[in-house]
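A short reminder: the numbers here are calculations on the coordinates, not readings from a lab. Predicted model only: the values in this text are computed from it and were never measured. Neighbour counts run over all protein chains shown; Cβ positions are idealised from the backbone, glycine included.
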Amino acid sequence: MVRPIFSLLLSLRHKDLYHQRTHSILKSMSNDGTSEGGVKPKRIFCYGDSLTAGTAPPLYDLFPYGQSLESELGDDVVVRWKGLPGWTAGSMVEYLDDNNVGLRAAVNGIDNPPIALVIILAGTNDIGFLTSSMTTGSAPD
């Protein structure tokens, strides 16, 4: 049974505190998989919008934060990600059960090693859509 923790978003401004909390959380989670030397790897799955995908306009390459996260956390952590550029939080909820892009299908499809942590990053495009739909006018009295 997968028991992920959703929406763990720690401030990167406090890098030492971030690392301490992340390592503490990962060490406390059980996992059935094994890797070289008998170390049980932890799997993190990152799901979100273009920030998770790692888009960097005007470049066409992707630079997902999942790669850096995996590098920083060490050999006993495996990080995978699915980024959906342009998607809003509402779109992610609407397609939750979609077999191609849905979070539920992605989480249920990963089992070796099983997921220990899910990080959801959503809302960036919601802000963009909100500000682009606002009209300018005089301030209310």
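From the Cα gyration tensor of region 69-130, with a ≥ b ≥ c the square roots of its eigenvalues, which class applies: rounded if a/c is under 1.5, or else prolate if a/b is larger than b/c, or else oblate?
Taking the square roots of the gyration eigenvalues as a ≥ b ≥ c, region 69-130 is oblate.
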Simple label model, 7 Å out from Cα along Cβ direction - L96 to T124, nm: 2.3
Mean separation of Cα contacts under 8 Å (6+ apart) over length of region 48-128, as relative contact order %: 32
